[in-house]
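Contents: one structure, followed by commentary.
The values are calculated or read from the model by the stated rules, or taken from the named source; none is laboratory data. As the structure is a prediction and not an experimental result, all values here were calculated from the model. Every residue, glycine as well, gets a Cβ built from its backbone with ideal geometry; the counts of neighbours run over all protein chains shown.
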Amino acid sequence: MTNSPIPIQNQCGATLIVALVMLLLISLLAVGGMQSSILQERMASNAHDGSIAFQASEAALRQAETDLLNIIATRQAASGTARLATPWDWDGISPASSGVGNVGTQVNSEPVYHHARLADICPIDPTEPCFERFVVTSRGEGGSPDAIAVLQSTVLLPPE
């Protein structure tokens, strides 16, 4: 038995076309995966920036509450300060802040806070002393000026 050579046939390039189509599909899948990864990375970065802004604002809020509880001059200054009309629009500059927090270097700028007196809370019994109630607003920025968190709390001070 002799080995006969396989006859050569004319090829039309169908394999090349199929391979190019497959390569195109794989490329499209890769580009779609890259775009999805980039979008997820941006979302994670924004969430991290927002978290830093929130933590900075929270630190300033706690500092402001501590100042109100422990420093009489702060209470007196806050008694003459007007409340913020729209706290969420406060830029930290106008009206002037009551103080500045200290949170480190990860933020775009140090957080600021604002004290204002709300009202006295008096018990039903007129012989009992009244409590003073203050509102504290803090504004913190994250790593970029676009990530902003504004927090507010109410502080009820015991009678002196």
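In the set (1) surrounded by fewer than 16 Cβ atoms within 10 Å (Cβ to Cβ); (2) at pLDDT 85 or above; (3) within 19 Å of the chain's Cα centre (by Cα); (4) of a type outside the set (Asp, Glu), the condition left unmet by Leu25 is number (3). Say whether the condition of being at pLDDT 85 or above, part of a loop (DSSP other than H, G, I, E, B), in contact with a strand residue (DSSP E or B) (Cβ under 9 Å, 6 or more places away or on another chain) and loosely packed, with under 15 Cβ neighbours inside 10 Å is met by at least one residue in the range 142-156. No, the range 142-156 contains no residue that is at pLDDT 85 or above, part of a loop (DSSP other than H, G, I, E, B), in contact with a strand residue (DSSP E or B) (Cβ under 9 Å, 6 or more places away or on another chain) and loosely packed, with under 15 Cβ neighbours inside 10 Å. Ile121 meets the stated requirement of being of a type in the set (A, V, I, L, M) and in contact with a strand residue (DSSP E or B) (Cβ under 6 Å, 6 or more places away or on another chain). When the range 47-92 is filtered for residues that are polar (S, T, N, Q), modelled with pLDDT of 90 or more and over 15 Å from Val155 (Cβ atoms), the ones remaining, listed by number, are Ser51, Gln55, Ser57. Say whether the condition of being assigned to a strand (DSSP E or B), small (Gly, Ala, Ser) and either within 24 Å of the chain's Cα centre (by Cα) or surrounded by 12 or more Cβ atoms within 10 Å (Cβ to Cβ) (or both) is met by at least one residue in the range 111-120. Yes: the range 111-120 contains one or more residues that are assigned to a strand (DSSP E or B), small (Gly, Ala, Ser) and either within 24 Å of the chain's Cα centre (by Cα) or surrounded by 12 or more Cβ atoms within 10 Å (Cβ to Cβ) (or both).
Quick check, is Leu16 assigned to a helix (DSSP H, G or I) and at pLDDT below 90? For Leu16, the condition - assigned to a helix (DSSP H, G or I) and at pLDDT below 90 - is met. Return the residues of the range 121-140 that are within 16 Å of Ala78 (Cβ to Cβ) and either among the aliphatic types (A, V, I, L, M) or touching a Phe, Trp or Tyr at 6+ places or on another chain (Cβ under 7 Å) (or both); say none if nothing qualifies. Scanning the range 121-140 gives Ile121, Val135, Val136, Thr137, Ser138. Has the range 64-79 got at least one residue that is surrounded by 10 or more Cβ atoms within 10 Å (Cβ to Cβ) and under 20 Å from the mean Cα position of the chain (by Cα)? Yes - at least one qualifying residue is present in the range 64-79.
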